[in-house]
Amino acid sequence: MSGRADSGTDPEIADSEAAAGRDEREDAGEGDDPTEADHPAEGEGDARRARWTAAGTGAALALAGLAAALLRLTRSAPALVPAAYAGGAAVCAAAAVLGSRGRTRRALWLLIAGAMVMALGDQFD
């Protein structure tokens with residue numbers, strides 16, 4: 001037994017049920033909207049926006065962390081401070097890569113962690 005609910009359905013019965021469902025949708029006016037094929041589904045646009053947001057935010061925080069690390073290197077600050085900024089920037093850069101690949105939840109948590117590492121480094125200054 002395969003565990004599928006329709007595993008024992010005769011193909012002729014399944015085809016006639018599918019045709020009946022299609023007829024009912026056409027009668028109700030569903031499925032004949034020509035704009036549906038032209039535009040992506042709402043979820044696709046939201047996912048694309050989330051990927052761009054995660055990648056952009058990660059890149060911006062990574063650049064800011066690198067700039068802060070370079071500025072702290074030129075001043076007399078403990079070595080832990082620029083190291084924390086550089087480490088936080090590396091974590092944010094990893095978040096940007098994950099975000100661009102669609103792993104937006106993990107990217108969000110890495111962005112939070114990277115910003116926290118940079119903030120912790122700022123406390124030692």
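Throughout, read-outs are computed from the coordinates displayed, never taken from laboratory work. Being a predicted model, the structure only gives us computed values, none of them experimental. Ideal geometry is used to build each Cβ from the backbone, glycine not excepted, and the neighbour counts take in all protein chains shown.
Compute the length gained on full extension between Ser76 and Arg106: take 0.36 nm times their separation in residues and subtract their Cα-Cα distance, giving the result in nm to one decimal.
Here the segment from Ser76 to Arg106 would lengthen by 7.3 nm.
Sorted from largest to smallest, which semi-axis lengths in Å does the alpha carbon gyration tensor of region 66-112 give for its equivalent ellipsoid, taking the root of 5 times each eigenvalue?
For region 66-112, the ellipsoid semi-axes come out as 27, 9, 5 Å.
Quantify how much of the Cα-Cα distance distribution of region 42-123 extends past 15 Å, in percent.
Tail of P(r) above 15 Å: 52 percent of Cα pairs.
If the chain between Met116 and Ala90 were fully stretched, how many nm would it gain, using 0.36 nm times the residue separation less the Cα-Cα distance?
Full extension from Met116 to Ala90 adds 8.1 nm.
List the chymotrypsin sites (Phe, Trp or Tyr not before Pro) in region 40-125 that DSSP assigns to loop (not H, G, I, E or B) and whose Cβ has at most 13 other Cβ atoms within 10 Å. Which are they?
Phe124
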